[in-house]
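One structure is given here, and the rest of the page talks about it.
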Amino acid sequence: MAELAGLDLPPDGTADVWWARRQDASDRHAGLLDATERRRWAAYRRDEDRARFLAGCALAKTALARYTGLRPADVRFDRTCDQCGEPHGKPVIEGGIIEGSIIEGGVVEHSVAHSGDLVAVAVARTPVGVDVEQLDGRPHPLGGDGDPEALAQLVLSAAERAVLSAVPPAGRARAFLVAWTRKEAVTKATGDGLRAAFSDVVVAADAGPPRLVSWPYPRSVHSVSLLDLDAAPGYVAALAVIGRCEAVRSRDGSALLADRA
C-alpha cells in the first residue's frame with residue numbers, strides 16, 4: 001500500500017490522527033508489547049478492555065515506526081509517571097530521539113485514546129493530546145450513571161456549567177462529552193491527564209469554535225491549539241497541540257494494523 005510505505009512527520013502546524021477499531025488488533029499483535037505492557041494487558045479482566053489496550057499499543061508503535069524508520073517491535077515507550085514513578089505517565093519514545101532513525105535531530109510526539117470500539121493515535125512535532133469518547137453504550141469516563149448535570153459539578157467550571165444548563169436536555173450528554181474531550185485532550189498534551197483538576201482547565205463549552213479559555217499554568221492559553229475531530233458516528237473527539245496546529249490529516253489505522261498482520 002503506497003500510503004503505508006513510509007511517511008514524513010507532519011509539517012509544522014499539522015497533526016496526523018490515525019483511526020482504527022479495537023477489533024483490528026488481535027493476539028498476533030501481542031509480539032509488539034514489552035514486558036510492562038504485557039503485564040498491563042494481562043491484568044485487564046474484560047476482553048474488550050484487553051483488546052482496546054492492545055490495539056492502542058499496536059497502532060501507536062506501528063504508526064510511529066512509519067515516521068521513524070524503525071521496526072514496530074523496536075518502538076519502545078517510557079511511561080514513567082514523574083509524580084509516583086509508576087508506568088502510567090504520558091508515553092514518550094524510550095531514549096528520546098533514536099540514533100539512526102529518520103527523526104534524529106527532530107522531535108515526534110504522540111498521544112493515544114480509545115473508547116468503545118474506536119482507537120485514535122495522534123502524532124505531531126510538538127506536545128499533543130487526543131481524546132475520544134463514545135456517546136452511548138458504555139460507562140462514563142468518571143464512572144457512575146453518566147448523568148451530565150451531576151458529573152458537571154465535578155469537572156466543569158461555573159461558566160461551563162452555565163453553558164451546559166442552557167443546552168436542551170436531549171443534547172446535554174453530547175455537550176458534556178464535547179467539553180470533556182476538549183479538557184482531556186489539553187491535559188494529555190501537558191502530560192498531566194486526570195491528575196489535573198478539570199474544573200481549572202476551562203474550555204469553550206458552547207457550539208462555537210473550540211478554544212482554551214484558562215488553565216493553571218504560566219504559559220498563555222493562546223499557545224494551545226484546540227480542535228474538534230470528525231470521529232465515527234456515535235463518538236466525539238478532540239485534539240490539543242501545545243503550539244500552532246491549523247490542519248489535521250486523518251490516517252487509516254485499520255489498514256496500518258492489517259498491513260502488520
**OP:** Among the residues of region 195-210, count how many are closer than 23 Å to R79 by Cβ and touching a Pro at 6+ places or on another chain (Cβ under 9 Å).
**Re:** 3
Subject >> Pairs with Cβ under 7 Å, 6+ apart, first in region 190-207 and within 16 Å of V178 (Cα to Cα), second buried (at least 18 other Cβ atoms within 10 Å of the Cβ) and acidic (D, E) >> reply: V202/E160; A205/E160
**OP:** Working carefully through the options S220, S214, S165, find the one that is open to solvent by 70 Å² or more (accessible area, probe 1.4 Å) and farther than 30 Å from R66 by Cβ.
**Re:** S165
Original post:
Could we say that R66 is more than 20 Å from the chain's Cα centre (by Cα) and modelled with pLDDT of 85 or more here?
Top reply: no
Original post:
Counting just the residues of region 21-37 that are modelled with pLDDT of 95 or more and open to solvent by 80 Å² or more (accessible area, probe 1.4 Å), which one comes out nearest to T62 (Cα to Cα)?
Top reply: R21
**OP:** Only residues that are among the hydroxyl-bearing types (S, T, Y) and under 15 Å from S225 (Cα atoms): list them for region 174-211, please.
**Re:** T181, T187, T190
Original post:
Within the group A258, A238, A204, A232, which residue is within 26 Å of A20 (Cβ to Cβ), at pLDDT below 95 and open to solvent by less than 50 Å² (accessible area, probe 1.4 Å)?
Top reply: A232
**OP:** Return the pairs, sorted by first residue and then second, in which the second residue is among the polar types (S, T, N, Q) and surrounded by fewer than 24 Cβ atoms within 10 Å (Cβ to Cβ), the first residue lies in region 110-124 and is closer than 12 Å to R249 by Cα, the beta carbons are less than 8 Å apart, and the residues are 6+ apart or on different chains.
**Re:** A124/T14
Subject >> Which listed residue is in contact with a helix residue (DSSP H, G or I) (Cβ under 9 Å, 6 or more places away or on another chain) and among the aliphatic types (A, V, I, L, M), from V202, V178 >> reply: V202
Original post:
Among the residues of region 147-183, how many are touching a strand residue (DSSP E or B) at 6+ places or on another chain (Cβ under 9 Å) and either charged (D, E, K, R) or touching a residue at least 40 places away in the same chain (Cβ under 8 Å) (or both)?
Top reply: 11
Original post:
Of all residues in region 178-199, which are surrounded by fewer than 18 Cβ atoms within 10 Å (Cβ to Cβ), within 17 Å of L151 (Cα to Cα) and either at pLDDT 95 or above or not charged (D, E, K, R) (or both)?
Top reply: L194, A197, S199
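The values are calculated or read from the model by the stated rules, or taken from the named source; none is laboratory data. What you are looking at is a predicted structure, and each value in this text was computed from that prediction instead of being measured. Glycine also receives a Cβ, built like all others from the backbone with ideal geometry; neighbour counts cover every protein chain displayed. The accessibility values were calculated without ligands, DNA or RNA, using every heavy atom of the protein model including side chains. Shrake-Rupley method; radii C 1.70, N 1.55, O 1.52, S 1.80 Å.
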